[in-house]
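Have a look at the structure below, then the notes.
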């Protein structure tokens, strides 16, 4: 069982959301990633061992080309 569950919401370049989703789904710790409608373009669910691992995966996701802005929500136990 994961020690930390978090959710990310991404704003992407217009029309790039499916390319970005394809890349994000390759990352270890991503348990769900899908396009959404509204203020954000991509929803991501993460399960990692600790906050250090969360920091690493959040940084990797933010570096995916076409990712403009992110919001990270850390789940409460």
Check your understanding: Are any residues in the range 34-54 closer than 18 Å to residue 77 by Cα and touching a strand residue (DSSP E or B) at 6+ places or on another chain (Cβ under 9 Å), and if so, which ones?
Key -> 45, 46, 47, 48, 49, 50, 51, 53, 54
Exercise for review: Answer yes if at least one residue in the range 3-14 is at pLDDT below 95 and surrounded by 12 or more Cβ atoms within 10 Å (Cβ to Cβ), and no otherwise.
Suggested key: yes
Exercise for review: Would you check if residue 21 is within 20 Å of residue 3 (Cα to Cα), part of a helix (DSSP H, G or I), in contact with a strand residue (DSSP E or B) (Cβ under 7 Å, 6 or more places away or on another chain) and at pLDDT 95 or above?
Suggested key: no
**Study point:** Qualifying residues in the range 51-77 (those that are modelled with pLDDT of 95 or more and part of a loop (DSSP other than H, G, I, E, B)) - the one surrounded by the most Cβ atoms within 10 Å (Cβ to Cβ)
**Key:** 64
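The values are calculated or read from the model by the stated rules, or taken from the named source; none is laboratory data. Keep in mind the model is a prediction, meaning the values are calculated, not measured. Note that we place each Cβ from the backbone using ideal geometry, even for glycine, and neighbour counts take in every protein chain shown.
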